[in-house]
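The structure appears right after this line, and notes come after that.
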Amino acid sequence: MDYLEFARDIVDAAVRAGAHEAEVYLQTGDEFGVSVRMGEIETITQASSKGMGLRVLVDKRMAFASTTDFDSRVVAELIKTTVQLAKAANRDRHNGLPEIGPQVLPHMNLYDSAIAKMPAEQKIGMAKECEKAAFDYDPRINNSHGAGFGTHAGTRILANSNGILYSNSGTDCGVSCSPLAEGNGTKQVGSYWSSSRFLSNLDSPAEVGKRAALDAVRKLGGRKIETTKAPVVFDNTIASVLWGAVFSALEGDNVHRGLSFLKKKLGKQIASSLVTVIDDPLMPEGLGSMPFDGEGVPTCRKTVIEKGVLNLYFYDTRTANKYGKKPTGNARRGYAGLPSVGPMNFYLQPSETDPMDMVRRIPNGFYVTETIGHGISITTGDFSVGASGMWIKDGELAFPVQEVTIAGNMLDMMKGIEEIGSDIRFASSIVSPTFKIGEMTISGR
Amino acid sequence: MESVLMARTGHDALLPKEDIEKLLAAGLSLGGEFAEVYIQRSRSTSIPLEERKIRSAEMRAAKGVGIRVLSGEKTGYAYSDILDMDTLLATARAAAHIAQGPGTERPVKITAQLAPDYYTIKVCPSDSAVSAKTAILKQASKAGYAYDPRIKQCDVYWSDEEKDIIVANSDGLWVADGQTMIRVSVRCLATQKGVSRSGSAGGGGRIGMEYFDKFSPEEFAAEAARIAVVQLDAIPAPAGMMPVIIKSGWGGVLFHESVGHGLEADFIRKNTSVFAGRVGEKVATDICTIVDDATVPNSRGTNNIDDEGTPGQRKVLIDKGVLRGFMTDRLNAGLLGLSLTGNGRRQSYHDYPIPRMTNFFMEAGESDPEEIIRSVDHGVYAASFSGGQVDITNGNFVFSLTEGYLIEKGKLSTPIRGATLIGNGPDVLTKVVMIGRDLALDPGIGTCGKAGQSVPSTVGMPTVKISELTVGGTET
């Protein structure tokens with residue numbers, strides 16, 4: 001089936017059925033996942049799948065329907081139902097598709113044929129190699145949740161009644177490991193992973209296994225400490241927990257409706273002058289990269305926070321219309337959802353500092369390697385999560401700490417960033433190097 | 001049999017008996033011991049109301065088949081949204097490949113079975129006009145703004161789903177269920193002197209539109225508004241260990257995290273849970289009885305059958321402090337030599353089932369909830385929560401407070417800002433010192449995530465006193 005033609009035909013049919021504006025977002029994909037445990041295959045999953053979502057505006061009233069069944073009768077019924085459904089929504093003059101016709105988009109190479117052609121045996125081998133490396137790392141690694149390897153190859157298509165018909169294909173792969181360490185009768189689980197669009201960019205499975213084992217072993221003997229206030233270092237594996245919340249707080253709708261702690265902060269210092277945060281959908285081979293967003297707005301690189309000063313909020317077409325701004329090309333979605341603002345490749349810019357040098361300069365502090373829970377409010381900026389990691393004593397990672405929380409307010413936290421490391425790993429849409437915050441409250445005993 | 005399935009799902013059986021049997025046989029053809037066909041058809045409606053306007057009306061439809069083959073400890077899984085037999089046979093063979101053995105064609109015969117019925121629906125959401133749903137949203141929105149002049153935002157969200165599932169397997173099982181769900185949630189924002197605070201509330205369940213004969217949208221809005229307004233005067237939460245009293249109902253997320261996941265049989269079989277190997281041991285104070293009950297009528301977490309076709313059951317997991325059992329799915333029950341408990345659940349046909357909770361709660365105790373509060377000289381009263389998480393290997397768990405109060409000399413005093421509470425599962429169970437008579441389940445808004453799969457889930461408990469727990473505030 002020619003999905004491009006199919007998508008365009010649905011848009012045309014929706015307009016004939018009464019839609020004033022119509023948009024189709026269609027995805028097809030192949031996925032494969034293998035998990036291995038104790039050296040043996042545990043699960044293998046594979047499938048080809050597809051789905052599409054139709055959004056219509058009838059007199060600026062919005063309705064949406066999605067389906068995985070592309071049978072012509074089902075689709076015809078879907079179009080009819082969706083146009084009818086629009087009557088239930090209120091008219092909102094801000095609703096609308098991006099008012100731009102087709103643009104020439106940069107060609108982005110996001111598809112790795114090496115991933116698409118990878119034989120199952122090779123994928124299984126990578127998962128096995130990863131877990132073996134974890135077991136080989138330390139004799140205290142005696143159990144495992146498993147190691148996994150997965151691939152995805154897919155195509156996304158966007159067609160709308162302003163004449164846009166875009167598509168791009170992409171691949172991604174990932175390897176992960178969760179080994180268990182046992183020592184003195186206690187057990188700890190470790191975790192590490194790597195993810196990329198190109199096989200050649202993936203960390204080696206052996207490296208991932210080794211780091212996961214190190215993570216587990218390092219946690220052995222972890223204890224709860226006395227409640228205190230101290231500097232906190234966020235390891236790069238979890239540092240994005242802060243920036244994910246910051247992103248949500250920068251969504252235009254949240255800001256203008258008073259739901260964000262970063263409202264009325266445009267042009268103001270919201271972080272230390274060391275902090276520069278970028279959102280870059282055009283990063284070559286980036287996991288969050290795409291030439292057009294989920295509404296068909298061409299994407300672009302943005303400096304969101306520059307030396308601590310806030311430059312912009314994020315908008316999709318509806319919220320841009322509502323607040324008199326321009327869409328920032330950040331609409332993200334799957335076929336079963338409406339487009340909404342989301343991160344592309346959103347990251348804290350690294351510096352040249354080796355994170356271990358950062359640690360060496362700390363007489364007393366908490367090096368956090370894991371956070372648990374979601375006690376973060378983007379309305380108040382309150383941040384309170386469970387944490388575990390290592391206590392820093394006289395510049396050394398001295399002993400493991402667990403079962404404590406770290407708390408603060410995100411504005412104070414960002415302004416309190418005193419050092420930023422060099423160790424950024426682009427393993428998801430929101431990433432960060434290791435960074436140090438001057439002081440947070442650590443609750444324990 | 002078709003009529004039995006139709007009665008339960010209200011629709012056709014999607015795949016005829018002979019075709020399902022062929023797929024199961026294909027699943028076993030490479031030496032697998034067990035094959036299963038899972039057919040799903042679902043339709044859901046969501047309607048957001050924001051800033052007094054119905055922002056959109058949305059419908060989602062999905063239809064597909066997932067085929068699973070087990071061989072020893074291994075699982076092969078493949079799924080398809082294309083339901084013609086050529087594609088489905090290829091799907092079955094892809095799953096069968098996990099066995100990689102010589103196999104013979106073993107014919108399979110399935111026999112229709114009737115699932116129990118814990119969710120009678122009077123007025124199907126799919127039979128209701130969209131206008132009935134938007135009316136409910138508007139009632140809630142109006143009540144939210146009317147609650148207090150400081151309420152500046154009130155958003156209300158509607159969702160309903162009808163999901164038909166048919167499960168058949170190589171043991172001969174063939175069973176179906178029609179699963180309805182409704183959920184309404186409200187979020188309010190209160191603003192005073194430049195300070196803004198939010199509050200959320202909602203409810204729902206496996207029930208039809210008759211839900212609103214008993215629960216009013218105005219009540220949900222008033223609750224969300226109340227929390228937002230109370231939070232305006234909240235002071236920073238304390239930091240450190242202290243007695244904590246947890247309010248009944250949604251507070252049950254404490255036990256869901258501290259105990260529940262650790263009793264799921266996959267973690268037990270892999271020996272990765274801190275509760276592995278401890279059946280028969282005293283793991284909690286002897287006033288604690290904790291159950292997982294899939295049979296609670298019309299509750300969000302209830303399953304007539306799980307997603308492997310096993311009838312939903314009530315299991316006592318901890319009985320007066322003693323660990324009695326675990327929650328199993330077929331794979332882990334078989335490997336551990338345990339019985340099926342009806343806890344094999346999956347998010348959709350994209351996923352293979354794993355052990356999950358249903359309605360997971362602590363049974364009522366004997367204390368007067370007021371007396372429980374009076375027993376604390378200095379501590380925290382935790383009233384509302386946003387969720388939690390657990391590390392089942394070391395047992396550390398968290399849950400996050402969205403409405404709480406200081407307790408001073410046995411009385412609730414100043415409201416405190418949101419904070420995360422952290423503890424250790426086995427440890428916290430030994431610190432449950434008082435349990436109230438007032439068992440309540442959460443109002444029907446919970447979703448549990450595990451291994452990338454989200455399933456609707458209910459928690460519950462009476463008012464409970466934990467002698468000490470770490471409160472993750474900022475005030476030392």
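From the backbone phi of region B:418-424, what are the Karplus-calculated ³J(HN,Hα) couplings (6.51 cos²θ - 1.76 cosθ + 1.60, θ = phi - 60°) in whole Hz, Gly and Pro given as x?
So the J values, rounded to whole Hz, are x, 7, 9, 9, 10, x, 10.
If the only charges are +1 at each Lys and Arg Cβ and -1 at each Asp and Glu Cβ, what is the size of the charge dipole of chain A around the Cα centre, to the nearest 20 debye?
The calculated dipole for chain A is roughly 1380 debye.
Would you mind working out the magnitude of the charge dipole of the protein assembly as shown relative to its Cα centre, with +1 at each Lys and Arg C-beta and -1 at each Asp and Glu C-beta, to the nearest 20 Debye?
The dipole of the protein assembly as shown has a size of about 1980 debye.
Among rounded, prolate and oblate, which fits chain B when a ≥ b ≥ c are the square roots of the eigenvalues of its C-alpha gyration tensor, a/c under 1.5 means rounded, and a/b larger than b/c means prolate?
Judged from the Cα gyration tensor, chain B comes out oblate (a/c at least 1.5, b/c at or above a/b).
Which far-off residues, 5 or more places away or on another chain, put their amide H under 5 Å from the one on A:Lys229, with H placed in the peptide plane?
Amide H neighbours of A:Lys229, under 5 Å, 5+ apart: A:Ile442.
Let me know the mean shielding of B:92-100 by other chains, meaning the per-residue number of their Cβ atoms within 10 Å of its Cβ.
Going residue by residue through B:92-100 and averaging, the value is 2.
Would you list the P(r) distribution for the protein assembly as shown, with all Cα-Cα distances sorted into 20 Å bins from 0 and each bin expressed as a whole %?
Computed distribution, short to long bins: 14, 48, 36, 2.
Counting other C-beta atoms within 10 Å, and keeping those with at most 15, which DSSP coil GluC sites (Glu not before Pro) do you find in region A:88-194?
Answer in residue order: A:Glu99.
So which lysines can A:Lys50 reach, going by Cα to Cα under 17 Å and dropping same-chain residues fewer than 8 places off?
Qualifying lysines at Cα under 17 Å: B:Lys63.
Once you order the gyration tensor axes a ≥ b ≥ c over the Cα atoms, which shape class does chain A get: rounded for a/c under 1.5, otherwise prolate or oblate by comparing a/b with b/c?
oblate
Build a GNM of chain A with springs between Cα atoms under 10 Å: which of A:Met108, A:Met410, A:Met118 gets the top mean-square fluctuation?
Maximum fluctuation in the GNM of chain A, among the listed residues, is at A:Met118.
Fewest Cβ neighbours within 10 Å first, please rank A:Trp193, B:Trp174 accordingly.
Listed from fewest to most nearby Cβ atoms, that is A:Trp193, B:Trp174.
Which residue, A:Arg301, A:Arg333, A:Arg73, has the most motion in a Gaussian network model of chain A that connects Cα atoms within less than 10 Å?
A:Arg73
Quick one: net charge around B:Thr75, please, counting Lys, Arg +1 and Asp, Glu -1 for every other residue with C-beta under 9 Å from its C-beta.
It works out to a net charge of 0.
Counting only other chains, what is the mean number of Cβ atoms within 10 angstrom of the Cβ of each residue in peptide B:73-84?
Across B:73-84, the average partner-chain Cβ count within 10 Å equals 5.
Can you return the lysines within cross-link range of A:Lys265? Criterion is Cα-Cα under 28 Å, with same-chain partners fewer than 8 residues away left out.
A:Lys229, A:Lys302, A:Lys307, A:Lys322, A:Lys325, A:Lys326, A:Lys415, A:Lys436, B:Lys53, B:Lys152, B:Lys193
With unit charges on the beta carbon (Lys/Arg positive, Asp/Glu negative), name the residue among A:Ala206, A:Met410, A:Gly39 whose Cα is farthest towards the positive pole of the charge dipole of chain A.
Of the options given, the answer is A:Met410.
Straight-line reach from B:Lys282: which lysines have Cα under 16 Å away, leaving out those fewer than 8 places along the same chain?
B:Lys320, B:Lys431
Mind putting a number on the dipole of region A:222-445 about its Cα centre? Charges go on the C-beta only, +1 for Lys and Arg and -1 for Asp and Glu, and I need it in Debye to the nearest 20.
In total the dipole reaches around 820 debye.
With Cβ to Cβ distances under 15 Å as the rule, what net charge do the other residues near B:Thr134 carry (K, R +1; D, E -1)?
Around B:Thr134, the surrounding residues sum to +3.
Residue-wise, which Karplus ³J(HN,Hα) couplings in Hz belong to region B:293-306, taking 6.51 cos²θ - 1.76 cosθ + 1.60, θ = phi - 60°, and x for glycine or proline?
So the Karplus estimates, Gly and Pro as x, are 10, 7, 9, 5, x, 6, 7, 4, x, 6, 10, 4, 10, 7 Hz.
Restricting attention to region B:359-423, which chymotrypsin sites (Phe, Trp or Tyr not before Pro) occupy a DSSP loop and are surrounded by at most 12 other Cβ atoms within 10 Å?
Counting only loop positions with at most 12 other Cβ atoms within 10 Å, none of the chymotrypsin sites (Phe, Trp or Tyr not before Pro) in region B:359-423 qualifies.
Counting Lys +1, Arg +1, Asp -1, Glu -1, what net charge surrounds B:Pro236 among other residues with beta carbon under 15 Å of its beta carbon?
Spelling it out: positives minus negatives among the neighbours equals -3.
Beyond 34 Å, how much of the Cα-Cα pair distribution for region B:239-472 remains, as a whole percent?
Taking all Cα-Cα pairs of region B:239-472, the fraction more than 34 Å apart is 11 percent.
Take the Cα coordinates of region B:5-159, assign each an equal point scatterer, and use the Debye formula without solvent to give log10 I(q)/I(0) at q = 0.09, 0.10, 0.17 Å⁻¹.
Log10 I(q)/I(0), no solvent term: -0.50, -0.57, -0.97.
If you count, for each residue, the other Cβ atoms within 10 Å and average over each peptide, how do B:217-224, A:109-116 line up from highest to lowest?
B:217-224, A:109-116
Enumerate the amide H contacts of A:Val58 below 5 Å, restricted to partners 5 or more residues apart or on another chain; note that Pro and chain-start residues carry no placed amide H.
A:His20, A:Ala63
Work out from phi, with θ = phi - 60° and the Karplus expression 6.51 cos²θ - 1.76 cosθ + 1.60, the ³J(HN,Hα) of each residue of region B:97-114, listed in order in whole Hz, and give x for Gly and Pro.
Running phi through 6.51 cos²θ - 1.76 cosθ + 1.60 with θ = phi - 60° gives 4, 4, 6, 6, x, x, x, 10, 6, 10, x, 10, 10, 10, 10, 5, 10, 9 Hz.
Can you list residues whose amide H is under 5 Å from B:Gly31's amide H, if they're 5+ apart or on another chain and H is modeled 1.01 Å from N?
Counting only residues 5 or more places away or on other chains, the set is B:Thr104.
Among the DSSP beta bridges whose two residues both lie in region A:222-445, what percent are antiparallel, rounded to the nearest 5?
Antiparallel bridges: around 85 percent, rounded to the nearest 5.
Using a Gaussian network model on chain A with a 10 Å cutoff between Cα atoms, which of A:Gln188, A:Gln402, A:Gln46 fluctuates the most?
Per the Cα network of chain A with a 10 Å cutoff, A:Gln46 tops the list.
Throughout, read-outs are computed from the coordinates displayed, never taken from laboratory work. Model, not experiment: these values are computed from the prediction. Here the Cβ is made from the backbone with ideal geometry for all residues, glycine too, and neighbour counts use every protein chain on show.
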